[in-house]
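Worksheet: the structure to be examined is printed underneath.
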Amino acid sequence: MFSRLLALFVIVPAIELYLLIKLGTMIGAAETFGIILLTGIVGSYLAKSQGLSVWNRLQSKLHTGSVPGQELIDGVIILLSGALLITPGVLTDVVGLLGLVPASRAVIRQFLKAKFATGMMSGNVRFQSFGATIPNNGHQNMGSSEESNSQPEVIVAGRAKRRPERKDSETD
């Protein structure tokens, strides 16, 4: 976890700074600033148009009673891509723009689906819904039959915890 945070907050900005300086010396400071502005304008237009397109598809799926799985993943990719475009820099702009183009977004979506599937099969990714955990096989884990007489579990901050035992004086 520390190495990921180090990469996110130290290495990526250092690479961005290096690329901006290198680009500035190659084409000039004004042109580099113009490229940053242009990617921001194009990126905001693409984020808005692609976001609205995904929103309309999501609404259509919901109205027909279908599960909008692909649309939800696309929405997350577009949101993260928009955030990357807000960050000034060349590398983040390129990655952000890739997430906004439908063809490259499809590749990113397939990669994320494969990562989720691998994580679910290994048990590293778990989903929770309304206080019940949903294990890898998709059935809600409401406790086994031998646990059915014990105290119910409460999901707090993503972890199951037992409710505290009540004393006889607290039941009244």
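Read-outs throughout are calculated quantities, based only on the coordinates presented, and are distinct from any laboratory measurement. If you're wondering where the values come from, they're calculated on a predicted model, not measured in any experiment. Cβ coordinates were reconstructed from backbone atoms using ideal geometry, including for glycine residues, and neighbour counts include every protein chain displayed.
Assorted remarks:
- Screening Thr92 against (1) in contact (Cβ under 8 Å) with a residue 40 or more places away in the chain; (2) over 24 Å from Phe111 (Cα atoms); (3) hydroxyl-bearing (Ser, Thr, Tyr) leaves a single unmet condition, (2).
- Residues satisfying the stated conditions in the range 58-84, i.e. surrounded by fewer than 15 Cβ atoms within 10 Å (Cβ to Cβ), on the phi < 0 side of the Ramachandran plot and not in a helix (DSSP H, G or I): Ser66, Val67
- Qualifying residue in the range 85-99 (condition: part of a loop (DSSP other than H, G, I, E, B) and touching a strand residue (DSSP E or B) at 6+ places or on another chain (Cβ under 7 Å)): no
- Every pair of residues 6+ apart whose Cβ atoms lie under 8 Å, when the first sits in the range 60-82 and is farther than 20 Å from Leu97 by Cβ while the second is aliphatic (A, V, I, L, M) and assigned to a helix (DSSP H, G or I): Pro68/Leu58; Pro68/Leu62; Glu71/Val54; Glu71/Leu58; Leu72/Leu58
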